[in-house]
Amino acid sequence: MMLRASSDATGSATDIHDVIADDTDDPVSSALTSLVDAALKHGDLVSARRTVLEVLGPEALVTACSVIGNFEKMNRMADGTGLGLSDDQMAGLADIRSELGFDAFIVE
Amino acid sequence: MAFEFADAPVPVRPDIGEAQRRAWRHLASPGTWLTACQRRAIAEETRAARSCQLCSDRKAALSPYSVTGSHDSVTELPSDIVDAVHRLTTDPGRLTRSWYDELTGAGLPPTHYVEILGVVTTMAAIDGFHLALGMELEPLPEIIEGEPARIRPEGAEVTFAWVPTTGRHSVVNVMSLVPAEVEAFLDLHGAHYLSIAEMGDMTVEKGLTRPQMELVAGRVSSVNECFY
């Protein structure tokens with residue numbers, strides 16, 4: 001929801017599908033998602049960091065790593081407490097859930 | 001001084017180090033329900049969980065609840081707390097309501113569980129940052145003596161999560177049963193990501209544009225299979 005809202009607000013070309021895509025043609029999205037994958041799946045972090053540095057620079061690398069840490073925290077807060085989406089949040093995300101295939105995980 | 005990031009491959013913004021030092025002090029201090037010694041032990045267990053064989057076997061199993069055994073524990077914490085810390089650290093996406101009910105039904109109060117969660121998630125944020133940036137993990141802090149505050153907020157009840165909460169349905173309030181953990185969460189959140197004031201600003205930039213930050217956030221949640 002925040003990705004779509006911020007992309008709309010800034011006119012960014014960041015594609016919401018890159019959140020789950022195996023690969024992307026956009027070098028910025030590719031660098032950032034590869035960094036996340038390397039950090040969380042024990043991949044080649046040295047190479048992933050080098051690519052972020054080349055494509056986006058040092059400040060971006062630091063922020064990307066701090067956001068990774070932040071959401072490692074927030075994911076555990078949500079999953080560790082059984083926090084689900086509110087009805088309003090579910091309704092607001094209907095099109096994104098459908099686009100990304102998340103509705104397949106909903107148990108009625 | 002802690003968090004000077006001498007081995008960082010690039011300069012780190014000062015506000016990140018300042019927030020992590022405050023988080024370290026909070027972690028090492030007496031909590032609301034747990035002693036400083038217990039809080040530090042929980043932090044030690046989060047690090048031990050990364051190389052725990054039982055956690056690895058459970059992660060690989062179709063159901064983590066089908067694999068029994070003993071964790072590679074490094075502290076004297078009770079086994080139910082060790083199990084909770086390791087599961088929260090290594091496989092949080094497959095925790096269930098029945099697991100939580102069994103844990104608390106066996107005697108661990110929800111207040112204590114939420115405080116354990118606060119420590120585990122603080123470690124996830126700080127160690128996650130260090131690992132992603134290729135730095136050595138910061139040595140754990142020395143404990144600060146004192147007594148837990150033992151204050152439960154009035155009106156906390158089970159509404160939008162397994163645990164009792166106060167306030168509206170939001171991840172910000174999910175640890176509201178232990179307000180000190182919410183304060184610590186928001187402090188770290190502001191440096192690692194965005195402050196509450198910045199959350200509504202879709203054009204904010206911190207080395208990354210807001211959409212780029214959200215792409216990273218969404219990708220982390222996708223890999224962790226967290227659908228909140």
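Residues checked against (1) touching a helix residue (DSSP H, G or I) at 6+ places or on another chain (Cβ under 8 Å); (2) of a type outside the set (Val, Ile, Thr):
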position	(1), (2)
B:Thr159	no, no
B:Trp162	yes, yes
B:Thr165	yes, no
B:Asn173	yes, yes
B:Ser176	yes, yes
B:Pro179	no, yes
B:Leu188	yes, yes
B:Ser195	yes, yes
B:Glu198	yes, yes
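Identify all residues within segment B:208-228 that are touching a residue at least 24 places away in the same chain (Cβ under 8 Å) and either more than 7 Å from chain A (Cβ to nearest Cβ) or in contact with an Asp or Glu (Cβ under 9 Å, 6 or more places away or on another chain) (or both); write none if there are none.
Residues satisfying the conditions are B:Asn224, B:Glu225, B:Cys226, B:Tyr228.
Conditions tested, residue by residue: (1) at pLDDT 95 or above; (2) in a helix (DSSP H, G or I); (3) in contact with a His (Cβ under 7 Å, 6 or more places away or on another chain).
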{"position": "B:Trp162", "(1), (2), (3)": "yes, no, no"}
{"position": "B:Gly167", "(1), (2), (3)": "yes, no, no"}
{"position": "B:Leu177", "(1), (2), (3)": "yes, no, no"}
{"position": "B:Ala184", "(1), (2), (3)": "yes, yes, yes"}
{"position": "B:His189", "(1), (2), (3)": "yes, yes, no"}
{"position": "B:Asp201", "(1), (2), (3)": "no, no, no"}
{"position": "B:Leu215", "(1), (2), (3)": "yes, yes, no"}
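Scan segment A:44-83 for residues that are under 17 Å from the mean Cα position of the chain (by Cα) and either at pLDDT below 95 or polar (S, T, N, Q) (or both) and jot them down.
Scanning segment A:44-83 gives A:Thr63, A:Ser66, A:Asn70, A:Asn75.
Check A:Leu100 against each of (1) without any contact (Cβ under 8 Å) to a residue 60 or more places away in the chain; (2) within 15 Å of the chain's Cα centre (by Cα) and name the one condition it does not meet.
A:Leu100 satisfies all of (1) without any contact (Cβ under 8 Å) to a residue 60 or more places away in the chain; (2) within 15 Å of the chain's Cα centre (by Cα) except (1).
Is it fair to say A:Ala78 is open to solvent by less than 10 Å² (accessible area, probe 1.4 Å) and outside the structural domain of A:Arg50 (by TED's automatic domain parsing)?
Yes; evaluated as a whole, the condition is true for this residue.
Looking at (1) surrounded by 21 or more Cβ atoms within 10 Å (Cβ to Cβ); (2) more than 7 Å from chain A (Cβ to nearest Cβ), which is the one condition that is false for B:Gly200?
With (1) surrounded by 21 or more Cβ atoms within 10 Å (Cβ to Cβ); (2) more than 7 Å from chain A (Cβ to nearest Cβ) applied to B:Gly200, the lone miss is (1).
Which residue, of B:Glu183, B:Glu225, B:Glu157, is open to solvent by 40 Å² or more (accessible area, probe 1.4 Å), more than 17 Å from A:Ser6 (Cβ to Cβ) and not assigned by TED's automatic domain parsing to the domain that holds B:Thr122?
Just a single option satisfies the conditions, and that option is B:Glu225.
Quick check on this structure: which one of B:Leu34, B:Leu54 is more than 25 Å from B:Tyr193 (Cα to Cα), open to solvent by less than 20 Å² (accessible area, probe 1.4 Å) and touching a Gly at 6+ places or on another chain (Cβ under 9 Å)?
Going through B:Leu34, B:Leu54 in turn, just one is more than 25 Å from B:Tyr193 (Cα to Cα), open to solvent by less than 20 Å² (accessible area, probe 1.4 Å) and touching a Gly at 6+ places or on another chain (Cβ under 9 Å): B:Leu54.
Residue check: is A:Ala38 in a helix (DSSP H, G or I), within 13 Å of the chain's Cα centre (by Cα) and more than 30 Å from B:Val163 (Cα to Cα)?
no
Could you tell me whether any residue of segment A:52-75 is more than 10 Å from chain B (Cβ to nearest Cβ), of a type outside the set (A, V, I, L, M) and over 27 Å from B:Thr121 (Cβ atoms)?
Yes, the conditions are met somewhere in segment A:52-75.
Answer yes if at least one residue in segment B:17-25 is among the charged types (D, E, K, R), over 26 Å from B:Pro110 (Cβ atoms) and not assigned by TED's automatic domain parsing to the domain that holds B:Gly134, and no otherwise.
no
The values are calculated or read from the model by the stated rules, or taken from the named source; none is laboratory data. Note that this is a predicted model, so its numbers are computed, not measured. With ideal geometry, Cβ positions are generated from the backbone for all residues, glycine too; neighbour counts draw on all protein chains shown. Calculation scope for accessible area: heavy atoms of the full protein, side chains included, ligands and nucleic acids excluded. Shrake-Rupley method; radii C 1.70, N 1.55, O 1.52, S 1.80 Å.
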